[in-house]
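Novice: Handing you this structure, nothing more for now.
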Amino acid sequence: MKIFNFHLMPYRHADLDAIERNGSAWVTYSNGHYDPEKGAGLYHEYLDQMELADRLGFDGVCLNEHHQTAYGMMPIPGVLAGALARSVKRAKLAILGRALPLLNNPLMVAEEYAMLDNLTRGRFIAGFVRGIGAEYHAMGINPAHSQDRFAEAHDLIVRAWTQPGPFQYVGKHYHFNYVNPWPRPYQSPHPPIWIPSQGSSSTIRWAAQMRYTYAQTLSPIAVVARFFQMYRDEAEKAGYAASPDQLAWSNTIYVAETDEKAMREARPHLDALVNRFLKMPTEMLLPPGYSNIESIKRIRAAKVTGKPTSVDDLVKNGVVIVGSPNTVREKLAEYQDLAGFNTSLTKTQFGTLPDDMTRANMTAIAEEILPHFRDRVPQRSQRAAAE
Amino acid sequence: MEEPTARNIDVRGCNVAVRRAGAGRPLLFLHGASDAGLWTPCLADLAARHDVIVPEHPGFGASDTPAWLDTIADLAGFYLDLLDQLDLANVHLVGHDLGGWIAAELAVRNTRRIASLTLVGAAGIFVPGVAQVDPFLRTDEQRIRDLFHDPARADAMVKRAARPEFEDIGLKNQTTAARLTWQPRGYDPHLAKWLHRIDVPTLLVWGASDRVYPREFADAYAKLIAGAKLVVVPDCGHLPHIEQPQLFVATLEEFLDRKRAAA
């Protein structure tokens with residue numbers, strides 16, 4: 001298994017009570033709460049952690065994109081990827097991903113990603129997402145165009161990377177007389193494309209058909225197993241057998257000497273992540289048109305945005321793994337076998353977790369977990385496990 | 001109460017649900033984002049003297065959602081086609097909220113079949129510095145309550161919207177409303193440039209406490225459409241035709257009578 005260090009770069013000094021009073025850390029939580037001195041400190045702290053991950057032997061480091069939120073300070077992840085492209089010497093560098101429909105000019109992602117692929121001499125992984133619903137409120141992009149714009153932008157970018165330029169591109173949302181980006185990607189035909197999603201069946205089908213690596217975001221492991229099985233089934237329908245390398249699980253891991261100590265230490269920071277930084281009203285998460293009506297009804301019925309999430313439930317349901325080195329090894333192996341993935345996208349910093357604890361966690365993972373999983377692949381038939 | 005006949009009309013391959021009642025001069029009522037599919041007492045009252053025609057816009061209610069539907073201007077073109085197809089003349093065109101926006105776009109393009117224009121709490125233009133509620137960040141219930149001056153008047157509509165059989169239609173209507181109005185939010189920056197072309201008598205009816213398109217929007221429309229008459233309805237929110245139906249009908253009839261007398 002490959003284990004990546006996935007950072008959300010939260011503004012961890014946020015006033016959690018103010019977020020609760022506002023109802024969300026997104027869109028309407030005033031940036032008056034952002035202190036530039038503290039924020040600048042956090043950028044350097046987090047980039048230092050990514051460089052440490054490289055030295056500790058993590059297989060990759062991951063960034064992502066969110067807008068106008070204390071949840072993550074990476075509206076333009078390419079800036080941070082640029083900073084890391086030279087200081088992260090060995091590990092892969094992944095942006096998971098840029099939110100294509102938010103862009104009025106997706107050619108700039110073709111350019112940005114090609115630059116990063118050159119800078120890293122082919123260690124770059126290109127993630128494409130639609131962005132969550134809140135992004136459409138924050139960026140003034142029509143959610144009803146989200147799926148169309150994603151499809152068109154993806155098509156444009158891949159063609160820009162693979163088809164000799166200049167050529168003309170005419171779509172509904174994007175028109176270019178000259179598609180001819182310099183540089184071209186370093187990897188041939190282009191960097192690996194990864195597709196993170198909350199589990200939309202149409203996204204899973206499409207990723208499987210395209211043979212793109214599918215990354216499942218924050219979900220109970222039983223749900224992850226079901227979605228990964230859906231991917232394997234879709235791959236089969238498309239005429240090939242999906243490899244576990246095409247499946248990545250995005251999780252959070254915290255390791256301490258004992259289970260009790262790990263839970264005690266992680267608890268307030270996980271609570272801040274799920275009950276403060278992630279919280280938003282349904283209307284913000286699901287603007288009309290963002291998903292089809294059936295999906296919106298399903299998500300509304302599940303009332304995912306309403307109730308608080310207990311940290312014990314997160315652990316019990318396998319959304320996160322917290323415990324002693326032995327517990328974490330057992331759980332991760334169990335989950336790998338259950339869901340059949342071969343990449344773990346692991347948040348080692350989460351919520352309000354401070355620097356010293358994050359570094360201790362990263363070091364413990366590097367020493368106690370990584371070596372045991374380096375050559376480990378899913379052990380038994382995932383189909384049997386999922387059924 | 002005058003009961004309408006309901007039928008579907010196919011306009012160049014797009015099937016729309018149309019309610020129609022009464023006799024007299026045709027009155028085409030274009031609904032807003034929140035009142036699609038409602039046959040309200042005010043429409044029944046108007047049908048006593050007019051041939052009242054109330055379509056559900058493409059993308060709303062029981063009507064088709066055609067692939068060509070992207071903008072309010074598309075709907076203006078669609079209704080010009082519909083007027084041609086039904087061969088209607090001397091039409092009193094009444095539009096509320098985004099229906100008012102459609103009506104304004106239509107009248108800017110072509111008033112050949114139009115006798116008068118009435119905009120009710122209409123969207124379509126931008127007025128700087130005026131606070132508006134953001135319907136897309138409100139819950140289903142809040143969004144309905146925002147429409148009314150008197151919160152008690154909202155109860156019936158809240159109850160109706162909460163009925164499970166309306167969930168699909170409600171989501172469909174919201175999705176189309178987002179498609180048409182999300183960005184720029186509720187207006188077309190190019191519309192205001194051409195409103196001077198409207199050459200039919202125009203009435204503006206606005207609720208005094210409209211929080212969706214506040215009264216400043218009425219003043220702005222009044223400046224942009226030459227000779228437009230503005231009537232502000234007291235104790236009324238965004239839905240004058242529903243919250244103050246008698247006053248609304250009286251205002252509209254008086255305007256249409258005076259227009260007739262002048263003609």
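The values are calculated or read from the model by the stated rules, or taken from the named source; none is laboratory data. Because the structure is predicted, anything quoted here is derived from the model rather than measured. As a convention, Cβ positions derive from the backbone with ideal geometry for all residues, glycine included, and neighbour counts pool all protein chains shown.
Novice: For the stretch A:56-91, enumerate the residues that are buried (at least 21 other Cβ atoms within 10 Å of the Cβ) and without any contact (Cβ under 8 Å) to a residue 24 or more places away in the chain.
Specialist: Hit for the stretch A:56-91 is A:PRO77, nothing else.
Novice: Still on this structure, I have one more. Working only within the stretch B:207-263, note down all residues that are of a type in the set (S, T, N, Q) and either part of a helix (DSSP H, G or I) or out of contact with any strand residue (DSSP E or B) (no Cβ under 7 Å at 6 or more places or on another chain) (or both).
Specialist: Those that are of a type in the set (S, T, N, Q) and either part of a helix (DSSP H, G or I) or out of contact with any strand residue (DSSP E or B) (no Cβ under 7 Å at 6 or more places or on another chain) (or both): B:SER209, B:GLN246, B:THR251.
Novice: List the number of the failed condition for A:PHE228; all other conditions in (1) within 14 Å of chain B (Cβ to nearest Cβ); (2) buried (at least 22 other Cβ atoms within 10 Å of the Cβ); (3) farther than 30 Å from A:THR28 by Cα; (4) not basic (Lys, Arg) hold.
Specialist: (1)
Novice: Then there's this: I'm trying to understand the selection: among the residues of the stretch B:180-204, which are touching a residue at least 12 places away in the same chain (Cβ under 8 Å) and either in contact with a Gly (Cβ under 6 Å, 6 or more places away or on another chain) or among the polar types (S, T, N, Q) (or both)?
Specialist: Result: B:THR181, B:TYR187, B:LEU191, B:THR202.
Novice: Here is a list: A:LEU52, A:LEU8. Which entry is assigned to a loop (DSSP other than H, G, I, E, B) and either hydrophobic (A, V, I, L, M, F, W, C) or over 26 Å from A:TYR113 (Cα atoms) (or both)?
Specialist: None of the other options fit; the residue is A:LEU8.
Novice: Given the stretch B:96-185, what helices (runs of 4 or more DSSP H) lie entirely inside it while holding 2 or more residues that are at pLDDT below 95 and not polar (S, T, N, Q)?
Specialist: Values: elements: B:98-109, B:140-145, B:151-162, B:167-181.
Those helices (runs of 4 or more DSSP H) span B:140-145, B:151-162, B:167-181.
Novice: Of all residues in the stretch B:1-33, which are under 20 Å from B:LEU180 (Cα atoms) and either modelled with pLDDT under 95 or under 19 Å from the mean Cα position of the chain (by Cα) (or both)?
Specialist: B:VAL16, B:ALA17, B:PHE29, B:LEU30, B:HIS31, B:GLY32, B:ALA33
Novice: Among the numbered criteria (1) of a type in the set (A, V, I, L, M); (2) away from chain A (no Cβ under 14 Å); (3) farther than 18 Å from B:ASP35 by Cα, which single criterion is violated by B:VAL120?
Specialist: B:VAL120 satisfies all of (1) of a type in the set (A, V, I, L, M); (2) away from chain A (no Cβ under 14 Å); (3) farther than 18 Å from B:ASP35 by Cα except (3).
Novice: Where in the stretch A:155-205 are the strands (runs of 3 or more DSSP E), entirely inside, with at least 3 residues that are not hydrophobic (A, V, I, L, M, F, W, C)?
Specialist: A:175-179
Novice: Please go through the stretch B:180-210 and pick out each residue that is surrounded by fewer than 22 Cβ atoms within 10 Å (Cβ to Cβ) and either of a type in the set (Gly, Ala, Ser) or within 14 Å of another protein chain (Cβ to nearest Cβ) (or both).
Specialist: Residues satisfying the conditions are B:TRP182, B:GLN183, B:PRO184, B:ARG185, B:TYR187, B:ASP188, B:PRO189, B:ALA192, B:ALA208, B:SER209.
Novice: List pairs: first residue in the stretch B:160-179 and more than 7 Å from chain A (Cβ to nearest Cβ), second residue of a type in the set (Val, Ile, Thr) anywhere in the structure, Cβ distance under 8 angstrom, at least six positions apart or on different chains.
Specialist: Listed pairs, sorted by first residue: B:ALA161/B:ILE144; B:THR176/B:THR65.
Novice: A:MET280 - would you say it is over 20 Å from the mean Cα position of the chain (by Cα) and either closer than 29 Å to A:THR28 by Cβ or not in a loop (DSSP other than H, G, I, E, B) (or both)? Outline the logic, then answer.
Specialist: Details: over 20 Å from the mean Cα position of the chain (by Cα): no; either closer than 29 Å to A:THR28 by Cβ or not in a loop (DSSP other than H, G, I, E, B) (or both): yes.
So A:MET280 fails the test.
Novice: Ok, one more. For the stretch A:40-55, give me each residue that is in contact (Cβ under 8 Å) with a residue 60 or more places away in the chain, farther than 22 Å from A:ARG123 by Cβ and of a type in the set (Gly, Ala, Ser).
Specialist: Matches in the stretch A:40-55: none.
Novice: Kindly provide the set of residues from the stretch A:138-165 that are touching a strand residue (DSSP E or B) at 6+ places or on another chain (Cβ under 8 Å) and within 13 Å of another protein chain (Cβ to nearest Cβ), ordered by number.
Specialist: A:ALA138 - this is the single residue of the stretch A:138-165 that is touching a strand residue (DSSP E or B) at 6+ places or on another chain (Cβ under 8 Å) and within 13 Å of another protein chain (Cβ to nearest Cβ).
Novice: Oh, and also: Does B:ASP140 meet the test of being free of Cβ contacts under 8 Å to residues at least 40 places away in the same chain, away from every other protein chain (no Cβ under 14 Å), out of contact with any strand residue (DSSP E or B) (no Cβ under 9 Å at 6 or more places or on another chain) and over 24 Å from B:ASP70 (Cβ atoms)?
Specialist: So B:ASP140 fails the test.
Novice: I'd like the full set of residues that are touching a residue at least 40 places away in the same chain (Cβ under 8 Å) and assigned to a helix (DSSP H, G or I), limited to the stretch B:49-95.
Specialist: B:ILE72, B:ALA73, B:LEU75, B:PHE78, B:TYR79, B:ASP81, B:LEU82, B:LEU83, B:GLN85, B:LEU86
Novice: For the stretch B:229-256, enumerate the residues that are crowded, with 17+ Cβ neighbours inside 10 Å, free of Cβ contacts under 8 Å to residues at least 40 places away in the same chain and either touching a Pro at 6+ places or on another chain (Cβ under 6 Å) or more than 13 Å from B:ALA208 (Cβ to Cβ) (or both).
Specialist: Passing the criteria: B:LYS229, B:VAL233.
Novice: Kindly establish whether A:ALA235 is away from chain B (no Cβ under 14 Å), surrounded by 17 or more Cβ atoms within 10 Å (Cβ to Cβ) and under 16 Å from A:THR348 (Cα atoms).
Specialist: no
Novice: How many residues does the stretch A:87-135 hold that are part of a loop (DSSP other than H, G, I, E, B), basic (Lys, Arg) and under 28 Å from A:PHE277 (Cα atoms)? Outline the logic, then answer.
Specialist: Here is the first cut: in the stretch A:87-135, the residues part of a loop (DSSP other than H, G, I, E, B) are A:88-91, A:103-106, A:120-123, A:130-132.
After this cut, where a residue has to be basic (Lys, Arg) as well, the list is A:89-90, A:121, A:123, A:130.
In the following step, the residues that additionally are under 28 Å from A:PHE277 (Cα atoms) were identified as A:130.
Residues that pass the stated criteria total 1.
For (1) over 20 Å from A:LEU8 (Cβ atoms); (2) outside any strand (DSSP E or B); (3) out of contact with any Phe, Trp or Tyr (no Cβ under 7 Å at 6 or more places or on another chain), each residue gets a yes or a no:
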site: A:VAL322; (1), (2), (3): no, no, no
site: A:ASN326; (1), (2), (3): yes, yes, yes
site: A:ALA333; (1), (2), (3): yes, yes, yes
site: A:GLN336; (1), (2), (3): yes, yes, yes
site: A:THR346; (1), (2), (3): no, no, no
site: A:ASP356; (1), (2), (3): no, yes, yes
site: A:ASN361; (1), (2), (3): no, yes, no
